[in-house]
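The values are calculated or read from the model by the stated rules, or taken from the named source; none is laboratory data. If you're wondering where the values come from, they're calculated on a predicted model, not measured in any experiment. Neighbour counts run over all protein chains shown; Cβ positions are idealised from the backbone, glycine included.
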Amino acid sequence: MVMVSGSFNVKLWGAVAAHFVCAPLLFFAHAGGSSGDSPKVAVIYTITNPKLKEDVERAVRDEFGGKVEILRYEDASIFEETAKAGRMGREPAAKFVAMYADSVRSGARAVLSVCSTVSDLAHSMRETGEFVGVPIVGMNDEMCREAVRSGDRILVAATFRSAVEPTKRSIRRACAELGRSVEISEAVVDGGFGSASGAFEKLLSEKLREAAKSADVIVFAQASMAPYADFVERACAKRVLSNPKFGARALKSALAGEGR
């Protein structure tokens, strides 16, 4: 089951901010739980891509054996404003935190943040999630751990430049957790994403084949790139890690109290 949230009033941030400043986190403390055998989880999107939403929610349902209630939250302006500014600003951050707050009040027991561009913000909220008992996990966190476990040279591939640095920081955090050191390179494939079948695959192979020669593993920074993982793996003869499977797995682990 998927419940889609309504529109969000950014003024809610005023209430959220007041609780952070004056009465830290009390705002979240009275969230209800889900009923029955199916846990309630929330998924936050900051980009409107119907195929991405379908794939993410299918992966979540598969991970939970179909027994899960999904609350869907989305606000594309967060990605648009962050990508344009080149950094996470006050307004998009307020909108994101407001969605998390609403999901907690709506009874979500764990939250998955999908967009890699806002992964630093999601990571910064981990202590909040632990305190209130509603963990928030980033889509790429577990994938980056797997990348660090898989090789010493990691190539981050993306179609949006705004996704690259946050993903590299996720990899560095994974290195710190696992006590490893890796070399990180990047490749941004501009243009062609979502074009006719075959065109984007050709562009990907042209852009990534050379860069992949000096990598042990390729990480797709965006879950929306997942349909091309098998193709790139064959074209580059390198292991390719992509989501949403790692994100769905991390969400389930967080709900079970096993998340990091």
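Observations
- Here the condition is being surrounded by fewer than 14 Cβ atoms within 10 Å (Cβ to Cβ), assigned by TED's automatic domain parsing to the domain that holds ASP102 and part of a helix (DSSP H, G or I); of GLU127, GLU177, it holds for GLU127 alone.
- Residue within the stretch 242-259 that is outside any loop (DSSP other than H, G, I, E, B) and among the hydroxyl-bearing types (Ser, Thr, Tyr) present: yes
- Residue satisfying condition, being of a type in the set (Lys, Arg) and in contact (Cβ under 8 Å) with a residue 12 or more places away in the chain, within set ARG126, ARG161: ARG161
- Some residue of the stretch 64-81 being assigned to a helix (DSSP H, G or I), hydrophobic (A, V, I, L, M, F, W, C) and under 18 Å from VAL137 (Cα atoms): yes
- Taking the numbered list (1) closer than 17 Å to ILE47 by Cα; (2) part of a loop (DSSP other than H, G, I, E, B) in turn, LYS95 passes all entries but (2).
- Of the residues making up the stretch 250-260, those that are at pLDDT below 95 and on the phi < 0 side of the Ramachandran plot are LEU255, ALA256, GLU258, GLY259, ARG260.
- Here VAL43 meets each of (1) in a loop (DSSP other than H, G, I, E, B); (2) hydrophobic (A, V, I, L, M, F, W, C); (3) within 15 Å of ALA248 (Cβ to Cβ) with one exception, condition (1).
- Residue identified as of a type outside the set (S, T, N, Q) and at positive phi among GLY179, GLY247, GLY138: GLY179
- Residue match in the stretch 192-207 (condition: outside the structural domain of SER113 (by TED's automatic domain parsing) and within 21 Å of TYR45 (Cα to Cα)): yes
- The one condition in (1) surrounded by 17 or more Cβ atoms within 10 Å (Cβ to Cβ); (2) farther than 19 Å from TYR45 by Cβ; (3) modelled with pLDDT under 95 that VAL148 fails to fulfil: (3)
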